[in-house]
Amino acid sequence: MSFLAECFLRVSAVLTVAFMAVFALRRRSSALRHLVWTAAFAVSALTPFLFPWGPALPRWPASASAQPPPTITTITMSAVTPQRANIGHPSHSSAAIPYGSIAIALWVAGVLAFGIRMGRAVRLARALRRGATRLDKTELASAAGLPSVALEQIDLNESDSAAAAMTMGVWKPVIILPAADRHVWEPSRLRAVMLHELAHVQRRDCLTQWLPQAICALHWFNPLVWLARSQMLCESERACDDAVLRGGVSGAGFARDLFEIAQSAGLKGADSMSLLNMSTTVVTKFERRIARLLDPSANRASMTRAGAIVSFAVAAALLLPLAGLRAQNAAPQAAGEAGTISGVVSDPTGAFVAGATIHITGHYGSWIVQGNQTGAWTGSFPPGTYQIDVSVPGFTARTTTVDLAAGASVHLQHALAIGQIGESITVTAPGTPKPAAAPAAGAPQRLRIGGMLQSAKLISKTPPVYPDSLRQQGVEGTVLIQAIIGKTGNVLNAAVVGGQAPAGGRGAAAGTPPLPEFADAALQAVRTWQYEPTLLNMEPVEVLTTIAVNFQLR
């Protein structure tokens, strides 16, 4: 996930600088600005490979109040071997939401979606090319007033499916003309269209077009990439328009031809390399294109092959360091200053607990780390005091405070105790309660026990008997009993720890004595209950339980 974030930031930085460069070159030719965009997208494609060689940012001296945050890692092997191998049930602890995995899955889904879209466009282009009819080059060159040698290295076709003239093919260029319109075009319009498409072929626009397409597929979530692609396509069309005007076509005449072709084509292009390219150039940009054709002060200079190579090299050289820019690790304040805190999480039997959640809180903030399959974790921290909370469902959470000295190593053994469970039973009897008596509050909920524990389950229950004397008096109450569920599942050491007296308020609380009649009735019944014992690593263990017995009249 961090690698994707790094790529996103660097590509955004490269394209931002490219926007600035294009703005600075707004008085220069469209061919030069298109070359800058080509270099920017080429560098963006190389960004993932430039991290190891990119320059580091300057390092600012660290102060005592601004130390680097601790580095927390989850190790895959434990330096401390637990006393016993865990042969219990697999862990069912609730893990943190994997936001990083979700983000990666969304990114992959987007890349696949745009990859499918690009593949579909390629298939449509190939189908259009296969269905096109070959034209006679000599005849068309004569009709357009062009030398035949200008069409020797290309294929020239026409198709009823083409909405406008277009160029396709990376290695073997093909110009496809709309069959319905070609026969009604005047020679001047045919000449302008052919000059425009030949400019696309000479500039290798079909090849450079794949760069922004690929970057947009990989960075589909980045609006800056799509805006840069749109600008690059606009500059490509303008550079080809300049080639038309350099070929002797008047700007006003070509502007009129473009407008009429757009009307006949329904303002939609058949391909990204089409003459009008309306899939990326909206009406406003088309209007700007027309206005530029009518601007006599526009720079329409062409670029020689040597000039293009030099300009591309200069632009790439300026953008490459930005694509590989990386942050430099902060310098240590003193040798051996950072310390290490590590730990191993185990259960009462000494077996490790996999997947424990460790919350670490210190001066620099809070972090959450998951223990590995051996129950181990480790982290590097600056000196200071840290609170470490270890939690596993089914076990009692454990909190430890650690004072870490410079260069010290602290190893913790987190031996977790089994969590307490609870039961609740309501005993009802016919009768009318006293107005002053209040029904008992909600009973404690059974804790969810996970990890390597199998919680106790009540399998045999004798309901307590409502004392007849209290029933006749309309008295209600609650008894809280604390007991131990033994290894055989029987109830041990049951004792009353609280309840609700007749004159008390609502609810039951530990330390509030219930009526003796209620206490005796509840104890007599609870002592006969039978549980399936709690299992820890497939071995029965004793566990503490709290039972609420509610006596109510109906």
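Read the figures in this text as sums done on the coordinates, not as results from a lab. Because the structure is predicted, anything quoted here is derived from the model rather than measured. Neighbour counts run over all protein chains shown; Cβ positions are idealised from the backbone, glycine included.
How high is the FRET efficiency from Leu4 to Lys172, r the C-beta distance, R0 45 Å, rounded to 0.05?
Given R0 = 45 Å and the Cβ-Cβ separation, E is 0.80.
What FRET efficiency comes out for Arg246 versus Gln387 if R0 is 60 angstrom and r is the Cβ-Cβ distance? Round to the nearest 0.05.
0.20
Leaving out same-chain residues fewer than 8 places away, which aspartates and glutamates sit with a Cα under 16 Å from that of Lys137?
Here the aspartates and glutamates satisfying the reach criterion relative to Lys137 are Glu152, Asp155, Glu158, Glu197.
Just tell me which aspartates and glutamates come within less than 14 Å, Cα to Cα, of Lys457; anything on the same chain fewer than 8 places away is out.
Glu423, Glu532, Glu542
Can you list the equivalent-ellipsoid semi-axes of segment 125-268, largest first and in whole Å, using the square root of 5 times each Cα gyration tensor eigenvalue?
Semi-axes (√(5λ), whole Å): 26, 18, 15.
With a point put 7 Å past each Cα toward its Cβ, work out how far Arg527 is from Leu294 in nm, to one decimal.
10.5
What are the chymotrypsin sites (Phe, Trp or Tyr not before Pro) within segment 140-229 that DSSP puts in a loop, where the Cβ has at most 15 other Cβ atoms within 10 Å?
Answer in residue order: Trp171, Phe221.
Determine the gain in length on full extension of the stretch Thr133-Glu287; use 0.36 nm per residue of separation and subtract their C-alpha separation, reporting nm with one decimal.
Residue separation times 0.36 nm, minus the Cα-Cα distance, leaves 52.2 nm.
Less than 16 Å from a label point 7 Å out along the Cα-to-Cβ axis of Ser302: which backbone N atoms in segment 137-172 qualify, by residue?
Backbone N within reach: 146-153.
What FRET efficiency, computed as 1/(1 + (r/R0)^6) with R0 = 41 Å and r the Cβ-Cβ distance, is obtained for Ala121 and Arg27, rounded to the nearest 0.05?
0.70
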